[in-house]
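Visitor: Just passing along the structure, written as structure tokens.
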Amino acid sequence: MTLPVKKTYKLFVGGKFPRSESARSYQPSETKHIHVTRGSRKDLRDAVLAARIGQKAWSSSSAYLRGQILYRLAEMLETRSAALCEELAQSGVTKANAKREVLASIALAIWYAGLPDKLQSLLGSQNAVQGPFFSFSTIEPSGVVGVIAPETPSLLGMLALCLPVLVSGNAVVALCSESAPCASLALGEVFATSDFPGGTINLLAGLRSELAIHFASHRDIDGLLVAGKPDALITQAAADNVKRVRYCDLPAAAFRDVSRLRSLHWVEPFVEVKTLWHPVAQ
Amino acid sequence: MVKNVESRSTVKASKGQLSFGKVWPYEKAPESTDHFTIADRYGLFIDGEFVAPKSKEYFATSNPATEQPLAEIAHANDADVALAVQAAKRAAPAWRALSGEDRARYLYRIARILLERSREFACLETLDNGKPIRETRDVDVPLAAQHFFYHAGWADKLDLVYPGATALGVVGQVIPWNFPLLMAAWKIAPALATGNTVVLKPAESSPLSALRLCEVFQAAGLPRGVVNVITGDGRTGAALVQHKDLNKVAFTGSTEVGKQIQRSVAGRNVELTLELGGKAAHVVFEDAAMDQAIEGVVRGIFFNQGHVCCAGSRLLVQESVHDLFVEKLLLRMQRIRVGDPMDKNTDMGAIHSKEQLTRICELVSAGEREGATLHQADCQLPSKGYWFRPSVFTNVALSHRIAREEIFGPVLTVMTFRTPEEAVEKANNTSYGLSAGIWTDKGARILWLAERLRAGVVWNNTFNRFDPAAPFGGFQESGFGREGGRQGLRAYLKVPFALSPG
């Protein structure tokens, strides 16, 4: 009998898998037998630096390429679906539900894969202005967006919140489900093999009560998407640099309906409309 | 310390330039004011009529060009704010239930009446604000009417773009003093078109046009309570945005106050849009049509005395043409006619208030202390009122306060760049992101640069153009949400399956 090789659950930052600089770990409530790296405020700062670099590369990729990379994400989810199901099962999700969750995740990735090259025509415009001017509005990503994922479903919830942010060219720094981080940390392995530029998406694990407020107050995070009910303390801290803040208060059961997660209205809060003007003359 | 900094380097006409200087002054061409009256005292506009404030307090609004008081204005306290919000809340169900077509008809009426009374509005605005009559007549008033007309057309077409969307409810709106009527139109028109009811607080130093707009609402037969206007200072604004019955807050003003508002609505599930300060980069390349660029730069910074959030206040000029460009710019600046805002020849009117003048003087002094070179137009300023000479700073470093902070006055800072990459780097070196300007003859370069500038509006080979069909609003700390265009409707609608606001 060969001894199985066990996985260390580490962060995903700048395309690499570091441990926390704090060298701390914690035991998630749903998987008591596993120690997971416990990210710190410094890890968050490092992740934002990585995201800033990743955002530049990701947003300057053509929309077609971003679509292909998101499609590649779906491919990688598919090939790793068994492993992801196991990760979910570790945190108490039944086999049938784990399978359903992974399939829904793949379906969602496919939907978003087709979206990047439609966004300009869906959200941008040509503006019929007075005078001899040509005016049009394009949409651009807000920049680096923090995502605080729901506790459950840990895998689909993470993807459902990250994809609408990523699709327009934002980079993401996300905090995984605190109680069940294994499957969403394993997403790092999926992202790492999907051709995203390093730093486009960064995953932290740790305590929400410790880290969420630092997401909110970080001056180089442009937007924040938080799972749960609106939280005054978070929004107040986010006002320091006029962050775009949104909350996703869907109950866990609502995530079963994938069509509910495919919404342009989830993309809109984290894009900026840029209006250009130019004279029309001979 | 309210005084104009004595010019260190007064601009004089150089060789070969015609200058009649003070020898042949312009004949006076004042707009008459006998066609309308201003009441001695104005109440609050609540539930369709003007009422005395519960606070029993009044304050004066005055003409910044003469320092003469114009009228007494009611100060709304918490009780008055509550009455206004209640009125808006009472009016909300019926207004929302009205067909889009009928809401459209009210908005069309408002647009028409406003245009019909355009001269009166232009004069009133100029008296209360200090901006030149030419601007109120040609920009503020017609654009305000156009906003109502534009949004009227959306009222019955919302389903085409936002299927299943409904009104949010009661909207609290707080607007600044730099475009009093236009800002009121920007705020009220989309709110009404989308079926919301409004409580609007104009700035305490320029409330007259918004109050007169209430007369237009009455004349248009707008149902009671659909729009309420309460006057007062920052305390009134704070009481309004903190009111628990608001469903949305829309604010235009300083970034500092915007942040306070974002904090104060936190956790209340209130939609929020913020249109805040700016420090726009105005980038001029060596191949730009130079005389046109000069006009654009002048328009960019001296329009409305520089009291414009999207003013092109940081000129970035390519090093190779810097000297020539600055020479021409200073000459052009010398030609700006500063003086009586009611005069139809006036290019630049009065600074809006004593407070604003103090702030401008303070920042200009800081600019001098930090080592930048100040150039000011050698024009005659009236003895009464608040005035500041058109000013340009050269030898400015990125770290200078005048290059970082919003001056909100007729003060331009000039810096240079060599390569397009450097222009991007310098232009984006700010926490703001409202607007930017680009002047170059090369189309590909315009698009390359426009793509990289972190700004919500980019004017190319033009500047300070506005239209209700074109979305306006900022990146970063210049706020979020857009006003105008299809995109501007979004912030006033509740759409199915959307994320919740903070």
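The values are calculated or read from the model by the stated rules, or taken from the named source; none is laboratory data. These numbers were taken from a predicted model, which means no experiment stands behind them. When we count neighbours, we look across all protein chains shown, and the Cβ atoms used for this are built from the backbone with ideal geometry, even at glycine.
Visitor: Report, ordered by the first and then the second residue, all pairs with beta carbons closer than 7 Å, sequence separation of six or more or different chains, a first member in the stretch B:254-268 that is more than 7 Å from chain A (Cβ to nearest Cβ) and surrounded by fewer than 17 Cβ atoms within 10 Å (Cβ to Cβ), and a second member that is of a type in the set (A, V, I, L, M, F, W, C) and not in a helix (DSSP H, G or I).
Guide: Every condition considered, the pairs that remain are B:254/B:276.
Visitor: Quick one: in the stretch B:127-144, of everything that is surrounded by fewer than 23 Cβ atoms within 10 Å (Cβ to Cβ) and aliphatic (A, V, I, L, M), which residue is farthest from residue B:28 (Cα to Cα)?
Guide: Out of the qualifying residues, it is B:143.
Visitor: Let me ask something additional. Please enumerate the residues belonging to the stretch B:50-60 that are more than 27 Å from the chain's Cα centre (by Cα) and part of a strand (DSSP E or B).
Guide: Hit for the stretch B:50-60 is B:51, nothing else.
Visitor: How many residues are closer than 18 Å to residue B:301 by Cα, assigned to a loop (DSSP other than H, G, I, E, B) and either outside the structural domain of residue B:381 (by TED's automatic domain parsing) or not charged (D, E, K, R) (or both) if we restrict to the stretch B:324-352?
Guide: Matching residues across the stretch B:324-352 total 8.
Visitor: Does the stretch A:249-280 hold any residues that are in a loop (DSSP other than H, G, I, E, B) and within 7 Å of another protein chain (Cβ to nearest Cβ), and which are they?
Guide: A:249, A:263
Visitor: Among the residues of the stretch B:145-193, what is the count of those that are hydrophobic (A, V, I, L, M, F, W, C), within 17 Å of residue B:231 (Cβ to Cβ) and surrounded by fewer than 24 Cβ atoms within 10 Å (Cβ to Cβ)?
Guide: Result for the stretch B:145-193: 1.
Visitor: From the list B:229, B:270, pick out the single residue that is farther than 22 Å from residue A:236 by Cα and at pLDDT 95 or above.
Guide: Testing whether each residue is farther than 22 Å from residue A:236 by Cα and at pLDDT 95 or above leaves just B:229.
Visitor: Let me ask something else. Quick check on residue B:362: is it free of Cβ contacts under 8 Å to residues at least 12 places away in the same chain, over 26 Å from residue B:33 (Cα atoms) and outside the structural domain of residue B:178 (by TED's automatic domain parsing)?
Guide: No.
Visitor: Now for a different question. Can you tell me which residue in the stretch B:276-299 is nearest to residue B:134 (Cα to Cα), limited to those that are within 11 Å of chain A (Cβ to nearest Cβ) and buried (at least 20 other Cβ atoms within 10 Å of the Cβ)?
Guide: So, considering only residues that are within 11 Å of chain A (Cβ to nearest Cβ) and buried (at least 20 other Cβ atoms within 10 Å of the Cβ), the one nearest to residue B:134 (Cα to Cα) is B:296.
Visitor: From the set of residues in the stretch A:119-153 that are without any contact (Cβ under 8 Å) to a residue 24 or more places away in the chain and not in a strand (DSSP E or B), which is farthest from the other protein chains (Cβ to nearest Cβ)?
Guide: The qualifying residue farthest from the other protein chains (Cβ to nearest Cβ) is A:121.
Visitor: Using beta carbons and a limit of 6 Å, which pairs, at least six apart or on different chains, have the first residue in the stretch A:168-193 and without any contact (Cβ under 8 Å) to a residue 24 or more places away in the chain and the second one in a loop (DSSP other than H, G, I, E, B) and of a type in the set (Lys, Arg)?
Guide: Going by the 6 Å Cβ cut-off, there are no qualifying pairs.
Visitor: Would you pick out the residues in the stretch A:246-282 that are among the acidic types (Asp, Glu), under 19 Å from residue A:115 (Cα atoms) and under 17 Å from the mean Cα position of the chain (by Cα)?
Guide: Of everything in the stretch A:246-282, just one residue is among the acidic types (Asp, Glu), under 19 Å from residue A:115 (Cα atoms) and under 17 Å from the mean Cα position of the chain (by Cα), namely A:268.
Visitor: Sort through A:161, A:103, A:88, A:156 and tell me the only one that's touching a residue at least 12 places away in the same chain (Cβ under 8 Å), assigned to a helix (DSSP H, G or I), among the hydrophobic types (A, V, I, L, M, F, W, C) and surrounded by fewer than 24 Cβ atoms within 10 Å (Cβ to Cβ).
Guide: From the options A:161, A:103, A:88, A:156, the qualifying one is A:103.
Visitor: Applying the selection to the stretch B:461-473, what residues are surrounded by fewer than 24 Cβ atoms within 10 Å (Cβ to Cβ) and within 7 Å of another protein chain (Cβ to nearest Cβ)?
Guide: B:461, B:462, B:465, B:467, B:469
Visitor: While we're looking at this one, here's another question. Please find, among B:480, B:408, the residue that is in contact (Cβ under 8 Å) with a residue 40 or more places away in the chain and more than 9 Å from chain A (Cβ to nearest Cβ).
Guide: The conditions single out B:408.
Visitor: In addition: From the list B:422, B:451, which one is surrounded by fewer than 19 Cβ atoms within 10 Å (Cβ to Cβ), of a type outside the set (Gly, Ala, Ser) and within 12 Å of chain A (Cβ to nearest Cβ)?
Guide: B:451
Visitor: Look at the stretch B:97-126 and say how many of its residues are surrounded by fewer than 23 Cβ atoms within 10 Å (Cβ to Cβ), touching a residue at least 60 places away in the same chain (Cβ under 8 Å) and either part of a loop (DSSP other than H, G, I, E, B) or of a type in the set (Ser, Thr, Tyr) (or both).
Guide: Residues flagged as surrounded by fewer than 23 Cβ atoms within 10 Å (Cβ to Cβ), touching a residue at least 60 places away in the same chain (Cβ under 8 Å) and either part of a loop (DSSP other than H, G, I, E, B) or of a type in the set (Ser, Thr, Tyr) (or both) within the stretch B:97-126 amount to 3.
Visitor: Okay, next question. Select from the stretch B:213-251 the residues that are surrounded by 24 or more Cβ atoms within 10 Å (Cβ to Cβ), at negative phi and of a type outside the set (A, V, I, L, M, F, W, C) and list them in ascending order.
Guide: Residues satisfying the conditions are B:228, B:231, B:236, B:237, B:248.
Visitor: List every residue pair whose Cβ atoms lie under 9 Å apart, where the two residues are 6 or more positions apart in sequence or sit on different chains, the first residue falls within the stretch B:222-237 and is without any contact (Cβ under 8 Å) to a residue 40 or more places away in the chain, and the second residue, located anywhere, is part of a loop (DSSP other than H, G, I, E, B).
Guide: So the pair list comes out as B:234/B:204.
Visitor: Return the residues of the stretch B:101-131 that are of a type in the set (Gly, Ala, Ser) and either more than 19 Å from the chain's Cα centre (by Cα) or over 21 Å from residue B:60 (Cβ atoms) (or both); say none if nothing qualifies.
Guide: Correct list: B:104, B:111, B:118, B:122.
One line per residue, one yes/no per condition, for (1) surrounded by fewer than 19 Cβ atoms within 10 Å (Cβ to Cβ); (2) more than 24 Å from residue A:153 (Cβ to Cβ):
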{"site": "A:16", "(1), (2)": "yes, yes"}
{"site": "A:20", "(1), (2)": "no, yes"}
{"site": "A:23", "(1), (2)": "yes, yes"}
{"site": "A:32", "(1), (2)": "yes, no"}
{"site": "A:39", "(1), (2)": "no, no"}
{"site": "A:42", "(1), (2)": "yes, yes"}
{"site": "A:53", "(1), (2)": "yes, yes"}
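Visitor: Checking the conditions here, which among A:238, A:212, A:227, A:253 is of a type in the set (A, V, I, L, M) and under 20 Å from residue B:477 (Cα atoms)?
Guide: A:238
Visitor: Ok, one more. If residue B:249 passes every condition in (1) assigned by TED's automatic domain parsing to the domain that holds residue B:188; (2) farther than 30 Å from residue A:227 by Cα but one, which one does it miss?
Guide: (2)
Visitor: Suppose we filter B:84, B:94 for residues that are assigned by TED's automatic domain parsing to the domain that holds residue B:242 and surrounded by 24 or more Cβ atoms within 10 Å (Cβ to Cβ); which single one remains?
Guide: B:84
Visitor: Check residue B:174 against each of (1) of a type outside the set (Gly, Ala, Ser); (2) more than 20 Å from residue B:208 (Cα to Cα); (3) in contact with a Phe, Trp or Tyr (Cβ under 8 Å, 6 or more places away or on another chain); (4) in contact (Cβ under 8 Å) with a residue 60 or more places away in the chain and name the one condition it does not meet.
Guide: Evaluating residue B:174 over (1) of a type outside the set (Gly, Ala, Ser); (2) more than 20 Å from residue B:208 (Cα to Cα); (3) in contact with a Phe, Trp or Tyr (Cβ under 8 Å, 6 or more places away or on another chain); (4) in contact (Cβ under 8 Å) with a residue 60 or more places away in the chain leaves (2) as the failure.
Visitor: While we're here: How about the stretch A:192-248: which strands (runs of 3 or more DSSP E) wholly inside it have at least 3 residues that are within 13 Å of chain B (Cβ to nearest Cβ)?
Guide: A:223-227, A:244-248
Visitor: Can you list the strands (runs of 3 or more DSSP E) found entirely within the stretch B:191-310 that contain at least 1 residues being closer than 30 Å to residue B:324 by Cβ and of a type outside the set (S, T, N, Q)?
Guide: B:281-284
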